[in-house]
Amino acid sequence: MPGGNTRTTVFAPPYPAYAAAAEGAIVTDVDGQSRLDFVNNYTSLIHGHAHPRIIDAVGRQLVLGTALSFPTESEVRLAELLVERVSSIEQIRFTNSGTEAVMLAVQAARAFTGRPKIARFEGCYHGAYAEQAEDDLLLPFNDVAALEAGIAAHEDELAAIIVDPLPHRPGFVDPLNEFLPRLRELTRAYGVLLISDEIISFRVDRGGAQQRFGYLADLTTLGKIIGGGFPVGAFGGRADVLALFDPISTGARVAHGGTFNANPVTMVAGFEAMTMLTPSEYDRLALLGQRVRSGLGELIETRGISWQVAGQASLFKLHPHPRPLVDYRSCAPTPAEQRVLEQFYLTMLGQGIILTPELAGCISTPMTDGDVDALVAAADQTFSLIEQS
């Protein structure tokens, strides 16, 4: 395998640690070292590793079949749960990844509007499919004037605007209060579909990011936590748009197949995971997330370091600079800052804490106040070690 593995995101020079086992909030590598995992497979494992209820649900399904050339009741149950939780989703379909979900949402927007162009926000990630779309209209996040001008200039060809409401690649940039409501107003006025990409940000509230930030999208893409630790994606929204995928529809249609779409193992795992996410559990996760951000923020202030911490609910990220976090360009590290990020990541790994190489992380339900405090203590020690180097 080029690079020794199959995922660019988990490679870290000179080579990544290789995992042997995981349970709860702990990952143990092949050398027997155990670490607190604040990556949780890039936010997908909201219940941590090997949760007993998910293992039990999956075990019961394994003996009934893993992939069938028929629909199953398990996909209906998960679909009903998600439709109930997200106000803007009237119908939904499942895929095997977030990338596929975005791809199908984009295809639906083009077919429904009869227009070719998609707009997205600079530096935001929407899967490998979107990364390769060179003809997309790129707009700066949080810039209402640029948004208004961009839509007006391309109104006759713009099918959809896709937005990550809490952009994860720039580093969990907060949307300005007026930005998402104005985006919704403009897309509706110009007949442009709004796609809310909540593959990561869905975890911020029981009803997702749309509930948290107060807007309703035409289409929504989901993934990560809705699969209970198994490969998954989903796209849903207005019934008139989703009618494009109805095989018995008499109007225009978009084909959508996939050998493992809505496989019952993923569906039962996802249903169990989502059922466990009660309102009180969301509140507890948010409190732990705030404990992380407050603890790191106080540490930064006490040390007089020009860093900052961002994020909402159960998400957080360290930024190695004091610049206001407004969009991708304001968040992007300089080469010198990137070197510090890499040093901090590796040192934290040595302190028994797993973050992403970009120093982002998330909370999972097995975590406690003690786990959060261990992260803050490790960060304190890491800053000391970096100062000495």
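The values are calculated or read from the model by the stated rules, or taken from the named source; none is laboratory data. Just so we're clear, the structure is a prediction, and the values are computed from it rather than from any experiment. Note that we place each Cβ from the backbone using ideal geometry, even for glycine, and neighbour counts take in every protein chain shown. Heads up: the accessible areas ignore ligands, DNA and RNA and are worked out on the full protein's heavy atoms, side chains in. Shrake-Rupley method; radii C 1.70, N 1.55, O 1.52, S 1.80 Å.
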Do we find that VAL30 is surrounded by 15 or more Cβ atoms within 10 Å (Cβ to Cβ) and either in contact with a strand residue (DSSP E or B) (Cβ under 7 Å, 6 or more places away or on another chain) or not hydroxyl-bearing (Ser, Thr, Tyr) (or both) in this structure? no
Counting only helices (runs of 4 or more DSSP H) entirely within region 310-389, those with at least 2 residues that are touching a Ser or Thr at 6+ places or on another chain (Cβ under 7 Å), over 23 Å from LEU288 (Cα atoms) and open to solvent by 30 Å² or more (accessible area, probe 1.4 Å) are 369-388
For region 292-315, the count of residues that are of a type outside the set (D, E, K, R) and either free of Cβ contacts under 8 Å to residues at least 12 places away in the same chain or more than 19 Å from GLN343 (Cβ to Cβ) (or both) equals 13
Pairing a residue in region 149-162 that is farther than 16 Å from ALA111 by Cβ with any residue that is part of a loop (DSSP other than H, G, I, E, B), where Cβ atoms lie under 7 Å and the two sit 6 or more apart in sequence or on different chains, gives ILE151/VAL192; ILE161/VAL192
Of the conditions (1) more than 19 Å from PHE172 (Cβ to Cβ); (2) over 19 Å from the mean Cα position of the chain (by Cα), the single one that GLY236 does not satisfy is (2)
When you scan region 128-140, do you find a residue that is modelled with pLDDT of 95 or more and open to solvent by 60 Å² or more (accessible area, probe 1.4 Å), even just one? yes
Flagged in region 333-364 as in contact with a strand residue (DSSP E or B) (Cβ under 9 Å, 6 or more places away or on another chain) and not aliphatic (A, V, I, L, M), in numbering order, are PRO333, GLU337, PHE344, GLN351, GLY352, THR356, GLU358, GLY361, CYS362, SER364
Result of the Cβ filter at 8 Å on region 136-148, keeping first residues that are aromatic (Phe, Trp, Tyr) and partners that are open to solvent by 30 Å² or more (accessible area, probe 1.4 Å), at least 6 apart or interchain, is PHE141/GLU122; PHE141/VAL326; PHE141/ASP327; PHE141/TYR328
Check: What about GLY233, is it touching an Asp or Glu at 6+ places or on another chain (Cβ under 6 Å), surrounded by 16 or more Cβ atoms within 10 Å (Cβ to Cβ) and at positive phi?
Finding: no
**Prompt:** What about THR275, is it surrounded by fewer than 18 Cβ atoms within 10 Å (Cβ to Cβ), closer than 30 Å to ARG60 by Cα and within 21 Å of the chain's Cα centre (by Cα)?
**Reply:** yes
Subset of region 148-163, residues more than 18 Å from PHE179 (Cβ to Cβ) and over 28 Å from the mean Cα position of the chain (by Cα), comes to ALA153, HIS154, GLU155, ASP156, GLU157
Residue count, region 65-91, condition open to solvent by 30 Å² or more (accessible area, probe 1.4 Å) and either within 15 Å of GLY208 (Cβ to Cβ) or under 19 Å from the mean Cα position of the chain (by Cα) (or both), comes to 4
Of (1) part of a loop (DSSP other than H, G, I, E, B); (2) closer than 26 Å to LEU166 by Cβ, GLY65 fails just (2)
Filtering region 179-223 down to residues that are under 27 Å from HIS154 (Cα atoms), of a type in the set (Ser, Thr, Tyr) and crowded, with 24+ Cβ neighbours inside 10 Å yields SER196, THR220, THR221
